[in-house]
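Comments concern the structure below.
The values are calculated or read from the model by the stated rules, or taken from the named source; none is laboratory data. Bear in mind the structure is a predicted one, so any value in this text is a computation, not a measurement. Every residue, glycine among them, receives a Cβ derived from its backbone with ideal geometry; neighbour counts consider all protein chains shown. For the accessible areas, the whole protein counts, side chains as well, though only heavy atoms, and no ligand, DNA or RNA atoms are used. Shrake-Rupley method; radii C 1.70, N 1.55, O 1.52, S 1.80 Å.
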Amino acid sequence: MSTPSLPLTNAEPPYLAGLNEPQREAVLTTEGPVLVLAGAGTGKTAALTARLAHLIATRRAYPSEILAVTFTNKAAREMRERVGRLIGEAVEGMPWLGTFHSIGAKMLRRHAELMGLQSNFTILDTDDQLRLLKQMIQAEGIDEKRWPARQLASLIDQWKNKGLTPADVGPAEAEPYAHGKGQQLYAAYQERLLALNACDFGDLLLHPLTLLRRERDVLAQYQQRFRYIMVDEYQDTNSAQYLWLRLLAQERKNICCVGDDDQSIYSWRGAEVANILRFERDFPGAKIVRLEQNYRSTPHILGAASGVIAGNSERLGKSLWTETDVGEKVRVIGVWDGPEEARTVSDTIESLHRAGQPFDDFAILVRAQFQTREFEDRFIQIGLPYRIVGGFRFYERAEIRDALAYLRLVAQPSDDLAFERIVNVPKRGLGDKAVEKIHRLARAEGLPLLIAATRIIDSDELTPQARRSLTNFIANIGRWRDMASTLPHAELARILLDESGYTAMLQAERTAESAGRLENLSELARAMEDYETLGEFLEHVSLVMDNDAAEDERKVTVMTIHAAKGLEFNHVFLPGWEEGVFPSQRALDEGGLSALEEERRLAYVAITRARRHCTILHAANRRIYGQWTSSIPSRFIGELPADHVEEENTIGGGASLWRANWADQPDPFRDTARGAGRGPGWQRATRSGNFGGASPSLSAAPQEARSPAISMAAKPRDDLGLGQRIFHQKFGYGTIAAIDGNKLEIDFEQAGRKRVIDSFVTAA
């Protein structure tokens, strides 16, 4: 069926007003595949909504014949509203405008019976999914403490993001969980979901893909229905989403994808930058439109960002430019240590605020959540209002609250709230009934819960298992109290978290989230070193937690770079640009060269959040796990073009120090791993005892890869040896070629030689 266009008139439609030439090209090129490469701040949302308005206004398609995919419900809602304003009417009848998950759910409900479901199926949340997986793990006789349900859930989610059904999962992919039982549990889990008439969120992607692959008549129906397909943030699509879109677009090929390969920063949740890079191969003859005029940042900021991202080889390429005033150069400031970094930022913010800049014009963007702690402490100290976006304030995070509860109970045995929080964390086999019996005894005799617990274990009120678990818990609390009188309280915290099993609980999950939580716990222990006593530290935390400013007050924004994508601020501060912090050593060790390129894209995103001013900071020294460690500036500082950068008070030389130690290496990735393979520049700086300005009296040895463990230093495993065959979740099977502490060099059968952390491998 053809849809007639409106008759041509001399009047330009309102949705084209204000668009530049490339934006107009993206709007008016309606037929055939189109890839809109939209750089940061180039007005891609305006072009995308104008294109949708154009398709409807010119009657090229009815609203119900357009598939428009966004990544958030908020973006879908805003697009609907903006299109309505552009064409002067409410946009009704657009059932296929939404997120991948919402559209997948709609499609699945229409064809539920073909997938063995009923149309009223339930969508499980994360808690329900974990509860179901725990039941299945227990039924298989698998130790859930060693193989947590959360780890299996993460693995299943990865498979679904890749478009893999249980039948598609091979032995190598199933190996990481319970010695190869992952595939069997995945299959049983899917069968159980069907029996419950339920889906998890991954099924909202996997089931529609399976449906279109298997039911050719259904595929043909949707290929005819969707005259035009539009996709926002295409660089963030995972494999399942990519395959689903490619199937739907094969017939008409009227697909327009908008994205920026330089802003693909979500591989840890399944995004594949390769999807946007191979668009022209998937759709031969595709039109490529580059949006390069930036409406956000100054030329110096764009020049700095472009200089960094030019170091990536896997990109399509574009050159951002702007007509705005040249502005100030990007500042690179070197400081002595982390506390000075926080003071420098807060002093600058206060100075600009006194000059009339509101607090909400400022943003501090960090690579990892643990970096926020020193800024929060500083802001609390001087009364500077701030807010944490995309997460909790440092001391409000669940793992920090758990650790503090342990410390509070050690310091004050009558702290019932602390007892309640951690008596069964990690799981000790103390169910609700056991805890209720402790409560009942405490109320009856007017005792603190810990004292009531010591009494109840001498009775038969509890099961033998609960009694043993509670006895061990009480004994540990007593032993840690004894240690508190002789050990530094920061060391006590590390020991407590290790011996309680809390560290092992998070390590067993082996997820990006758990690794971040372990980093936060490490930072907590480091923060305690600034206080004379445990009591003084706990009092400080109480004061911090009580600092609740009015919600409508303007505040400085503190957030991770990942959470800042899509946002912009007049003044942006980027702390912690040091090797091992940014780029993240853990990312490099686990992901190699591809991870380095993603870290560089993250640096590009960070810089381009700034409208007027961007300040990058690096510290010559940091305390990690209680030890002073010398640092060198991030390689990304060395990649900043000199014409766009102004270095101030730089300890150790900033970009010049980077070049002296890294730039002489032919392969920019070869020497990223700390340990074997360091370049001569690194050795010179370390031997001199003046690495990044570090005093010879401090530890001059560079920090080893940041292990998520809480203990003082990463401990090598004693069950691994040279020549041993191992298995790695990402790289498969291999043989250990070299060992350096907890670092391994492994010759993998498929991936070649890689450097990995020993905690990520299992003996084959």
| said: Students often forget the sequence filter, so: which lysines lie under 19 Å Cα-Cα from K743 once same-chain residues fewer than 8 apart are removed? | reply: K715, K730, K754
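Might you tell me the accessible area per residue for the chain, computed with a 1.4 Å probe and given in Å²?
Values: 31840 Å² over 764 residues.
Spelled out: the 1.4 Å probe surface of the chain, per residue, equals 42 Å².
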| query | Could you give the alpha-carbon Rg of region 128-254 over 2.2 N^0.38 Å, rounded to two decimals? | reply | 1.21
| query | Leaving out ligands, DNA and RNA, what percent of the accessible area of region 124-254 is carbon and sulfur, probe 1.4 Å? | reply | 45 percent
| For region 397-496, what is Rg from Cα atoms divided by 2.2 N^0.38 Å, rounded to two decimals? | 1.05
| remark: Non-local residues with an amide H under 5 Å from the amide H of T122, with H modelled 1.01 Å from N and Pro and chain starts lacking one, are A198, C199
| Counting pairs of Cα atoms in the chain, how many percent are more than 54 Å apart? | 13 percent
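For every helix of n ≥ 4 consecutive DSSP H residues, a contribution of -39,500 (n - 2.57) applies; sum these over the chain, divide by its total residues, and give [θ] at 222 nm rounded to the nearest 500 deg cm²/dmol.
-13000 deg cm²/dmol
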| remark: Sorted on mean Cβ neighbours within 10 Å (highest first), peptides 578-584, 439-445 come out as 578-584, 439-445
| Using θ = phi - 60° and the Karplus form 6.51 cos²θ - 1.76 cosθ + 1.60, what ³J(HN,Hα) does each residue of region 412-422 get, whole Hz, x for Gly and Pro? | 9, x, 8, 7, 5, 5, 5, 4, 4, 5, 10
| remark: Filtered pair list for region 87-219 (Lys only, Cα < 24 Å, 8 or more apart or interchain) has a length of 9
| request: For K555, go through the lysines and keep the ones whose alpha-carbon is under 21 Å away, minus same-chain ones fewer than eight residues off. | output: K565
| query | Share of antiparallel DSSP beta bridges in the chain, in percent to the nearest 5? | reply | 35 percent
| remark: Once all protein chains are kept in place, K181 shows an accessible area at probe 1.4 Å, nearest 10 Å², of 80 Å²
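Can you divide the C-alpha Rg of region 300-340 by 2.2 N^0.38 Å and report the result to two decimal places?
Values: Rg = 14.4 Å, N = 41, 2.2 N^0.38 = 9.0 Å.
After normalising by residue count via 2.2 N^0.38 Å, the value is 1.59.
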| Formal net charge of residues neighbouring F279 (Cβ-Cβ distance under 11 Å; K, R +1; D, E -1) | +1
| Evaluated over region 166-208, the Cα radius of gyration and Dmax, each in Å | 11.2, 30
| message | Suppose we keep just the alpha-carbon trace of region 342-427; what are its Rg and Dmax in angstrom? | response | 17.0, 53
| field | Area accessible to solvent at D157, 1.4 Å probe radius, in Å² | value | 70 Å²
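Any idea what the dipole of region 292-427 comes to, in debye rounded to 20, about its Cα centre with Lys/Arg Cβ at +1 and Asp/Glu Cβ at -1?
On the way: 17 positive and 21 negative charges, 57 e Å.
The calculation lands at about 280 debye.
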| request: Take the Cα coordinates of region 81-195, assign each an equal point scatterer, and use the Debye formula without solvent to give log10 I(q)/I(0) at q = 0.09, 0.10, 0.15 Å⁻¹. | output: -0.35, -0.42, -0.75
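Using a 1.4 Å probe over the heavy atoms of the protein chains, calculate the carbon and sulfur portion of the accessible area of region 418-476 as a whole percent. Kindly include the intermediate steps, with their values, before the conclusion.
Details: 1590 of 3220 Å².
Of all accessible area on region 418-476, carbon and sulfur atoms account for 49 percent.
Counting only protein heavy atoms, what percent of the accessible surface of region 21-106 is carbon or sulfur at a 1.4 Å probe? Could the numbers behind the result be given before it?
On the way: 1640 of 3220 Å².
C and S atoms contribute 51 percent here.
Counting every Cα pair in region 497-601, what percent are over 17 Å apart? The partial results should precede the final answer.
On the way: 3897 of 5460 pairs.
Above the 17 Å cut-off, region 497-601 has 71 percent of its Cα pairs.
Over every pair of different alpha-carbon atoms in region 222-329, take the mean of 1/r and invert it; report that Kirkwood radius in Å.
Numbers: mean 1/r = 0.0641 Å⁻¹.
Here the Kirkwood hydrodynamic radius works out to 15.6 Å.
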